[in-house]
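This report refers to the structure that appears directly beneath it.
Computed from the coordinates by the stated procedures, all read-outs in this text should not be read as laboratory data. Everything numeric in this text was worked out from a predicted model, so none of it was measured. Cβ atoms come from the backbone with ideal geometry, glycine included; neighbour counts cover every protein chain shown.
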Amino acid sequence: MSKQEIIEQLKTIVKPYVQNQESFDALTEETDFINDLKINSANLVDVILDIEEKYNIIIDNESMEKMINVKSAMEIVAIKLAEK
């Protein structure tokens, strides 16, 4: 799975929780979920649960804490998929 495919899938997952449409439209690997997209911490948990469901992976608490932007989310998804 390419980086671009993962980014597109992540965009689909986070879209319902985004509070800043302008940042969402300009989403890059450096986009921060909380500061840029204005996703609150409760909804960030929902995003992580949706990611787990989409990719059939389990994201541990340590990985969750690191998942602050698109790039870190992509890296964690790639690692978890490789572990399967």
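Report, in deg cm²/dmol and to the nearest 500, the calculated mean residue ellipticity at 222 nm for the chain, where each DSSP H run with n ≥ 4 adds -39500 (n - 2.57) and the sum is divided by the residue count.
Using -39500 (n - 2.57) per qualifying helix, the result is -18500 deg cm²/dmol.
Any lysines with Cα under 17 Å of the Lys3 Cα? List them, leaving off those in the same chain fewer than 8 positions away.
Lys11, Lys54, Lys71, Lys80
Working out 0.36 nm times the residue gap between Gln9 and Lys84, then minus their Cα-Cα distance, what length gain in nm do you get to one decimal?
Full extension from Gln9 to Lys84 adds 25.1 nm.
Please report, ordered by residue number, every helix of the chain (full DSSP H runs) that is 18 Å or longer along its axis going by C-alpha atoms and whose mean Kyte-Doolittle hydropathy reaches -1.0.
The qualifying helices are 41-55, 70-83.
Could you pull the Cα extents of the chain along its three principal axes, largest to smallest, in whole Å?
Each principal axis gives a Cα extent; for the chain these are 35, 26, 18 Å.
For Asn35, project a label point 7 Å along Cα to C-beta. Then give me every residue of segment 48-84 with its amide nitrogen under 19 Å of that point.
Answer for this model: 64-75.
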